[in-house]
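Working notes, structure below.
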Amino acid sequence: MTSKLKAIPVSAWLGLTIVTLNLLVFLLGPMLAPYGMNEIVGAPFDPPSSQFWFGLDQNGRDMFSRLLAGAQMSIGVSLAASLISFSIGIPLGFVAALFGGWVDTVLSRIVDTVMCIPVLISALVVLQALGSSVPVLIFTIALLDSTRVFRLARVVAQGISVLEYAETARLRGESMGWLITREILPNALPPLIAEFGMRFCFTFLFVAGLSFLGLGIQPPFADWGGMVKDNQQAILYGLYAPLFPAAAIALLTIGVNLVVDWLLNAAGTTQGADR
């Protein structure tokens, strides 16, 4: 166990630390916040002090408290959308790969049609039509992102399904469900887990971008992308209010990418040793 821990690089430990701290903030943020999310406690854009660590925003609300509260929306929406997209994309990708024929053709053509339209344009059209409520935001992003997950799951399943142990399971007469759950999925987990981290980063930045454009998470909820938008004018006066949520977005993205890089390298090393 000790040797395995020593084998983890410093960059991976840094990424794991960042991700763990963000998960704690996601779970406990409002409980740790010294003030309410929308509580006005001073004058707009008051500078950082011992009482207000990150200063106040454009309405005189504590930036530190809003960062803690905003983590639940920024991380929660992105995590929910990623989980739903994988719940849709993985089963459909496996089904397309294993059944082949017209099933694969129909599913692949539908995915290709959706992917022909840029994600941002598709999301803007749907959100303009249906509104920017949290459920609509989550399911819109999840459905659009599931096309990417479908493609990866299909390719991975196609590669695994032609291997000897998968062919042996077919010859034994195992059912399709058994083949997926006992042969395909366990061997597809390393690339899928790495992809989950990458897709989460994309979704996280996408949600922040939509909020910055005014079509993401709406008031009275706090989220990091919206906080950058609301306080962007402070930059003109040499104030740092929008830099704190922007730094939180960048830090979490870097942390997740460091963990994903470590997982990919570890998976590649393991496969090389197996050969």
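The values are calculated or read from the model by the stated rules, or taken from the named source; none is laboratory data. Since the model is a prediction, treat every value here as computed from it, not as a measurement. Positions of Cβ are backbone-derived with ideal geometry, glycine not excepted, and every protein chain shown enters the neighbour counts. The area values use the complete protein model at the heavy-atom level, side chains included, leaving out ligands, DNA and RNA. Shrake-Rupley method; radii C 1.70, N 1.55, O 1.52, S 1.80 Å.
Among the conditions (1) assigned to a helix (DSSP H, G or I); (2) in contact with a Ser or Thr (Cβ under 7 Å, 6 or more places away or on another chain), the only one that Ile193 does not satisfy is (2).
Looking at Leu67, Leu98, just one residue is surrounded by fewer than 22 Cβ atoms within 10 Å (Cβ to Cβ), part of a helix (DSSP H, G or I) and in contact (Cβ under 8 Å) with a residue 40 or more places away in the chain, and that residue is Leu98. Here Ile254 meets the list (1) crowded, with 18+ Cβ neighbours inside 10 Å; (2) among the aliphatic types (A, V, I, L, M); (3) under 17 Å from the mean Cα position of the chain (by Cα) almost entirely, failing just condition (1).
Given the condition over 25 Å from Phe200 (Cα atoms) and over 28 Å from the mean Cα position of the chain (by Cα), answer yes or no: does some residue in the stretch 87-100 qualify? Scanning the stretch 87-100 turns up at least one residue that is over 25 Å from Phe200 (Cα atoms) and over 28 Å from the mean Cα position of the chain (by Cα).
Return yes or no: is Leu16 assigned to a helix (DSSP H, G or I) and either surrounded by fewer than 20 Cβ atoms within 10 Å (Cβ to Cβ) or not aliphatic (A, V, I, L, M) (or both)? Answer is yes for this residue. Scanning the stretch 162-186 for residues that are more than 27 Å from Ile141 (Cα to Cα) and either assigned to a helix (DSSP H, G or I) or touching a strand residue (DSSP E or B) at 6+ places or on another chain (Cβ under 6 Å) (or both) yields a total of 14.
Does the stretch 152-161 contain at least one residue that is assigned to a loop (DSSP other than H, G, I, E, B) and free of Cβ contacts under 8 Å to residues at least 24 places away in the same chain? Quick ask: steps written out before the conclusion?
Pass one, the stretch 152-161, residues assigned to a loop (DSSP other than H, G, I, E, B): none.
No: zero hits.
Can Ala80 be described as surrounded by fewer than 21 Cβ atoms within 10 Å (Cβ to Cβ) and modelled with pLDDT of 90 or more? Against the criterion (surrounded by fewer than 21 Cβ atoms within 10 Å (Cβ to Cβ) and modelled with pLDDT of 90 or more), Ala80 qualifies.
For (1) at pLDDT 85 or above; (2) part of a helix (DSSP H, G or I); (3) of a type outside the set (Gly, Ala, Ser), each residue gets a yes or a no:
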{"residue": "Phe200", "(1), (2), (3)": "yes, yes, yes"}
{"residue": "Gly216", "(1), (2), (3)": "no, no, no"}
{"residue": "Gln233", "(1), (2), (3)": "no, yes, yes"}
{"residue": "Leu236", "(1), (2), (3)": "no, yes, yes"}
{"residue": "Leu239", "(1), (2), (3)": "no, no, yes"}
{"residue": "Leu252", "(1), (2), (3)": "yes, yes, yes"}
{"residue": "Asn257", "(1), (2), (3)": "yes, yes, yes"}
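Right, Phe196: in contact (Cβ under 8 Å) with a residue 60 or more places away in the chain and open to solvent by 10 Å² or more (accessible area, probe 1.4 Å) or not? Reasoning before the result, please.
Details: in contact (Cβ under 8 Å) with a residue 60 or more places away in the chain: yes; open to solvent by 10 Å² or more (accessible area, probe 1.4 Å): yes.
Here the answer is yes, as Phe196 does meet what is asked.
For the stretch 218-231, the set of residues classified as farther than 20 Å from Thr17 by Cβ and either in a helix (DSSP H, G or I) or open to solvent by 20 Å² or more (accessible area, probe 1.4 Å) (or both) consists of Gln218, Pro219, Pro220, Phe221, Gly225, Gly226, Met227, Val228, Lys229, Asp230, listed by residue number.
A count restricted to the stretch 101-139 and to residues that are over 25 Å from Phe206 (Cβ atoms) and either open to solvent by less than 20 Å² (accessible area, probe 1.4 Å) or in contact (Cβ under 8 Å) with a residue 40 or more places away in the chain (or both) stands at 1.
From the list Ser122, Ser132, pick out the single residue that is of a type outside the set (A, V, I, L, M, F, W, C) and assigned to a loop (DSSP other than H, G, I, E, B). Write out each step before concluding.
Values: Ser122 fails: assigned to a loop (DSSP other than H, G, I, E, B).
Exactly one of Ser122, Ser132 is of a type outside the set (A, V, I, L, M, F, W, C) and assigned to a loop (DSSP other than H, G, I, E, B), namely Ser132.
Can you name every residue in the stretch 19-60 that is of a type in the set (S, T, N, Q) and part of a helix (DSSP H, G or I)?
Of the stretch 19-60, the ones of a type in the set (S, T, N, Q) are 20, 22, 38, 49-51, 58-59.
Answer for the stretch 19-60, where residues must be of a type in the set (S, T, N, Q) and part of a helix (DSSP H, G or I): Thr20, Asn22.
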